[in-house]
Amino acid sequence: MKYQWLVLALALVAGLFARYMMDSNDPEVAREPYYPMNYLESGTEVIDLFAPEDRRIRLVYFGYTQCPDICPTSLAVLSAALKAIPQQQRDKLWPIFISLDPIRDTANKTTQYAAYFDASITGATGTEAQIKSLADTYGVLYIKNELKDSAIKYVIDHNSYFYFLKPSGELIKKLPHMASPTQLIATIPVITSSVTKE
């Protein structure tokens, strides 16, 4: 009886392995290649979000290009804040817009969208797995909601924060969505000066 269970267990393992091998060689089984979450696409380039040689503070906003209201408002606020602060502080910041909708937002589309608000904002996207990893890391909540009988097919409902990150990716601070750049303007010099001293 003991041997029968052993034979059955071995048969099951062999079956699963055979299925895996068949799927691996089946071109119909679509697989998204794995990329680390920090290597994103921007225009025709690949950027490293956590590049150690780039000592600028990352000022990140997560959204998507077809967002009807919150994203345009937030990026306009970011743009106004960047224009209001001294160049010395701007030089210490890397503003980045990361798309939560990589299916529709190509690298070029995301880059053009971000640049529309300010030429210094980097627009970036990645694979669905990369975006999910980044979202999970920083507590970005988002969900796709289907829209019946709509040309855009779906929207991405998401929370809205500005994330200040160290070059290593460590979160320094996050600020909620705002209608005015005042809070962002007040926070930027505090963040850049405190990190510069480390």
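Key figures
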item: Stretch gain in nm, segment residue 180-residue 53, where the contour uses 0.36 nm per residue and the Cα spacing is subtracted; result: 42.5 nm
item: Per residue accessible area in Å² of the stretch 90-198, where ligands, DNA and RNA are left out and the probe is 1.4 Å; result: 50 Å²
item: Residues residue 69 and residue 91, FRET efficiency given R0 of 30 Å [Cβ-Cβ distance, rounded to 0.05]; result: 0.45
item: Flagged links, alpha-carbon separation over 21 Å, of 109/153; 132/174; 83/132; 109/166; result: 83/132; 109/166
item: Fraction of antiparallel bridges per DSSP, the stretch 76-192 only, in percent to nearest 5; result: 75 percent
item: Carbon plus sulfur fraction of accessible area for the stretch 40-198, probe 1.4 Å, in percent; result: 55 percent
item: Accessible surface ranking that places the most exposed of 106, 187 first, with a 1.4 angstrom probe; result: 106, 187
item: Residue order for 168, 42 - accessible surface, 1.4 angstrom probe, largest first; result: 168, 42
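The values are calculated or read from the model by the stated rules, or taken from the named source; none is laboratory data. Treat the numbers as computed from the prediction; the structure is a model and nothing was measured. Cβ sites come from the backbone with ideal geometry, for glycine too, and all protein chains shown count toward neighbours. When the accessible area is computed, the model is the full protein with side chains, heavy atoms only, and any ligands, DNA or RNA have been set aside. Shrake-Rupley method; radii C 1.70, N 1.55, O 1.52, S 1.80 Å.
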